[in-house]
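Shown next, in structure tokens, is the structure this report addresses.
The values are calculated or read from the model by the stated rules, or taken from the named source; none is laboratory data. Keep in mind it's a predicted model, so treat the numbers as computed, not measured. With ideal geometry, Cβ positions are generated from the backbone for all residues, glycine too; neighbour counts draw on all protein chains shown. In case anyone asks, the SASA skips ligands and DNA or RNA and just uses the protein heavy atoms, side chains included. Shrake-Rupley method; radii C 1.70, N 1.55, O 1.52, S 1.80 Å.
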Amino acid sequence: MREYLKFYIGGEWVDPAEAATFDVVNPATEEVAGRVSAGSAADVDRAVAAAKAAFPSYSATSREERVELLQSISDVYQKRSADLGAALTEEIGAPAALANGFQVGLGAGHLATAIENLKTYSFEQVRGGSLVVQEPIGVAGLITPWNWPINQIVVKVVPALATGCTVVLKPSENSPFTAQILAEIFEAAGVPAGVFNLVQGDGLGVGVPLSSHPDVDLISFTGSTRAGIEIARNAAATVKRVTQELGGKNPNIILDDADLAENVAKGVAGVMLNSGQTCSAATRMLVPAGRLDEVIEAARAAAEATTVGDPTTEVAIGPVVSGAQFDKIQALIQKGIDEGATLIAGGVGRPEGLTRGFYVRPTVFVNVRNDQTIAREEIFGPVLTILSYDSLDEAVEIANDTEYGLAGAVAGADLEQARAVARRIRAGWVTINDGFDFDAPFGGIKKSGNGREWGEFGFHEYLETKGILGYQ
């Protein structure tokens, strides 16, 4: 069993202010997999003080010094990648192939992208007679989720370090193992004392004092919309910058000229990936009404082919992260049945043969109306809702009829038509035919948040703009 009882503050592994711990449950076995110290406001104070003290010297480092530091982090990251993958499987139940593949690979990709962007990023420019300078904002408080924990830590910590900020990280209490290993990576890579600090714990004990702390200049949060609202309230009194990547109920418009069977199967696989625990997953599939029979056949086949089981074996998906998450998903699947949607795959209960672990059946509903609960609420499990449309205008109207605006997708053979539809989707991140790009901005609008991550756009959140007039 893992034990992580110290925090990383001021370049040292230190005991918490209070001797409190929490258990981490392996969602595949429902057994305790580790014990981690739970932080408090006193630990946050100490970590923020260390970050504040380190800021003057670190913010004065050169671009070349920070590039060298990020490259060192990347080198150590590669050496510890197997450790990160194993921790992911244990703490969130990600299948080994996913954990060691895309989950760990995302972190490596973001590191490489940040290094290349930092080499050429323009931190100052002359405008008229003035010099416009982008300077590091200061101490950044980073609050990250459990579903893609490496990705979410790296896309916050690395841009902060690249731009000269110092940080205090509070990872999710559901995924503390990977955060602890990443802290070890930053230490081994030579991150200066106080530049990176880690305090484990829950939202009340660590998140609230961090988001309301007067010496924190920015809060970057990824998680639920409900929690994001509370964080913004906590931060308001100190008028700090708050950037948020929140929930989504994302549309996937499959156009009539698309290869229907192929794109429906891809759409099902995309929703099931990571047990459906992806904020950008396209969980509302919109298909031509006249081809619904083809869609049902392809979707049912794809869902039934999705293997579920022990994440240390070769399966497509493992469990969801916790008993609370399992119960929420089960209730929403039942709600879909009760409200009259047609269930064509999956349903309530565990998959056949699995009696322990928080396993959810890969579930697909058709004949869904956009006013039904399963089309409105973020389920965050392996559940797909399929809606039909009669015209492109109706498809776009349905796609945008949501309080969220994180992501969207379009699939079609006519690229010009797909581009036109993508432009009409009200979301911050829209993919055409499964496009992927580490340099593209990621983030949402409406109740999906504000601000952007990924690529050079991730640098923007950690910089303040200063105008020096009369410079010329």
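Below is a table of values for the structure above.
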{"item": "Those residues of segment 34-48 which are within 20 Å of ALA193 (Cβ to Cβ) and of a type in the set (Lys, Arg), in sequence order", "result": "ARG46"}
{"item": "Segment 126-144, residues that are more than 23 Å from THR238 (Cβ to Cβ) and of a type outside the set (S, T, N, Q)", "result": "VAL126, ARG127, GLY128, GLY129, LEU131, VAL132, VAL133"}
{"item": "Top-ranked residue of segment 378-405 - restricted to ones that are under 27 Å from ALA420 (Cα atoms) and in a loop (DSSP other than H, G, I, E, B), ranked as least open to solvent (accessible area, probe 1.4 Å)", "result": "GLY405"}
{"item": "Residue in segment 262-281 that is farthest from ASN400 (Cα to Cα), counting only those that are open to solvent by less than 20 Å² (accessible area, probe 1.4 Å) and of a type in the set (Gly, Ala, Ser)", "result": "SER275"}
{"item": "Qualifying residue in segment 190-198 (condition: within 21 Å of the chain's Cα centre (by Cα), in contact (Cβ under 8 Å) with a residue 24 or more places away in the chain, more than 20 Å from LEU463 (Cβ to Cβ) and surrounded by 24 or more Cβ atoms within 10 Å (Cβ to Cβ))", "result": "yes"}
{"item": "Among the residues listed as ARG300, ARG284, ARG291, the single one being among the charged types (D, E, K, R) and surrounded by 21 or more Cβ atoms within 10 Å (Cβ to Cβ)", "result": "ARG284"}
{"item": "Any hit, segment 142-157, residues being free of Cβ contacts under 8 Å to residues at least 60 places away in the same chain and assigned to a loop (DSSP other than H, G, I, E, B)", "result": "no"}
{"item": "Among (1) touching a residue at least 24 places away in the same chain (Cβ under 8 Å); (2) part of a helix (DSSP H, G or I); (3) of a type in the set (D, E, K, R); (4) out of contact with any helix residue (DSSP H, G or I) (no Cβ under 7 Å at 6 or more places or on another chain) - the single one GLU173 does not satisfy", "result": "(2)"}
{"item": "Matching residues, segment 233-254, being of a type outside the set (S, T, N, Q) and either assigned to a loop (DSSP other than H, G, I, E, B) or under 30 Å from ALA413 (Cα atoms) (or both)", "result": "ALA237, VAL239, LYS240, LEU246, GLY247, GLY248, LYS249, PRO251, ILE253, ILE254"}
{"item": "Strands (runs of 3 or more DSSP E) within segment 3-72 that include 2 or more residues surrounded by fewer than 20 Cβ atoms within 10 Å (Cβ to Cβ)", "result": "12-14, 21-26, 31-37"}
{"item": "Residue in segment 307-336 that is nearest to ALA99 (Cα to Cα), counting only those that are in contact with a strand residue (DSSP E or B) (Cβ under 6 Å, 6 or more places away or on another chain) and in a helix (DSSP H, G or I)", "result": "ILE333"}
{"item": "Checking ILE445 against (1) in contact with a Lys or Arg (Cβ under 8 Å, 6 or more places away or on another chain); (2) surrounded by 15 or more Cβ atoms within 10 Å (Cβ to Cβ); (3) farther than 22 Å from GLY138 by Cα, the condition it does not meet", "result": "(2)"}
{"item": "Tally of residues being within 22 Å of PRO95 (Cβ to Cβ) and open to solvent by 30 Å² or more (accessible area, probe 1.4 Å) across segment 350-369", "result": "7"}
{"item": "Qualifying positions in segment 8-41 - more than 18 Å from GLN325 (Cβ to Cβ) and in contact with a Pro (Cβ under 8 Å, 6 or more places away or on another chain)", "result": "GLY11, GLY34, VAL36, SER37, ALA38, GLY39, SER40, ALA41"}
{"item": "Some residue of segment 160-171 being within 30 Å of ALA324 (Cα to Cα), out of contact with any Gly (no Cβ under 7 Å at 6 or more places or on another chain) and either of a type outside the set (D, E, K, R) or open to solvent by less than 10 Å² (accessible area, probe 1.4 Å) (or both)", "result": "yes"}
{"item": "Single residue of ALA427, ALA440 found to be surrounded by fewer than 17 Cβ atoms within 10 Å (Cβ to Cβ), within 21 Å of GLN244 (Cβ to Cβ) and within 22 Å of the chain's Cα centre (by Cα)", "result": "ALA440"}
{"item": "Odd one out for SER212, checked against (1) in contact (Cβ under 8 Å) with a residue 40 or more places away in the chain; (2) out of contact with any Asp or Glu (no Cβ under 8 Å at 6 or more places or on another chain); (3) open to solvent by 20 Å² or more (accessible area, probe 1.4 Å); (4) not aliphatic (A, V, I, L, M)", "result": "(1)"}
{"item": "Test: residue in segment 85-103 that is in a helix (DSSP H, G or I) and over 26 Å from GLU3 (Cα atoms)", "result": "yes"}
{"item": "Any chance ALA331 is within 20 Å of GLY247 (Cα to Cα), at pLDDT 95 or above and of a type outside the set (Val, Ile, Thr)", "result": "yes"}
{"item": "Criterion: at pLDDT 95 or above and either within 18 Å of ASN197 (Cβ to Cβ) or open to solvent by less than 10 Å² (accessible area, probe 1.4 Å) (or both) - qualifying residue of THR89, THR120, THR144, THR113", "result": "THR144"}
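Condition check ((1) without any contact (Cβ under 8 Å) to a residue 24 or more places away in the chain; (2) among the acidic types (Asp, Glu); (3) within 23 Å of ASN147 (Cβ to Cβ)) across all residues:
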position: GLY323; (1), (2), (3): no, no, yes
position: ASP327; (1), (2), (3): yes, yes, yes
position: GLN330; (1), (2), (3): no, no, yes
position: GLY336; (1), (2), (3): no, no, yes
position: GLU339; (1), (2), (3): no, yes, no
position: GLY346; (1), (2), (3): no, no, yes
